Amino acid sequence: MLFENMNEGRYTIVLSDLTGRTILTKTVNMLKGTRTEKINLNGHMSKGVYFVKVMDASKVAVINEKVVIQ
């Protein structure tokens, strides 16, 4: 996942399925600027649509993306 023009701080990445069930939660510390964060899914993901939400320290969503696994 590529983060561009993010403010410094602690962010939480949440991956969920269509039902809203959380598949993965990861906390990262961001420095100002651009960063790439790898998320290892270990091949356990079924085909389908998932959502990635990135929240700042105040739990405000700063990124909401849809991911399709084929």
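The values are calculated or read from the model by the stated rules, or taken from the named source; none is laboratory data. These numbers come from a predicted model, not from an experiment. Cβ atoms come from the backbone with ideal geometry, glycine included; neighbour counts cover every protein chain shown. Only protein heavy atoms, including side chains, enter the accessible area calculation; ligands, DNA and RNA are left aside. Shrake-Rupley method; radii C 1.70, N 1.55, O 1.52, S 1.80 Å.
Results, tabulated for the structure shown:
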{"quantity": "In region 1-62, the GluC sites (Glu not before Pro) that fall in loop regions by DSSP, at most 12 other Cβ within 10 Å", "calculated": "E8"}
{"quantity": "With at most 11 other Cβ atoms within 10 Å, longest stretch of the chain clear of loop trypsin sites (Lys or Arg not before Pro) (DSSP)", "calculated": "1-20"}
{"quantity": "Accessible solvent surface per residue of the chain, calculated while the other protein chains remain in place, 1.4 angstrom probe, Å²", "calculated": "72 Å²"}
{"quantity": "Fraction of accessible area attributable to carbon and sulfur, the chain (%, probe 1.4 Å)", "calculated": "48 percent"}
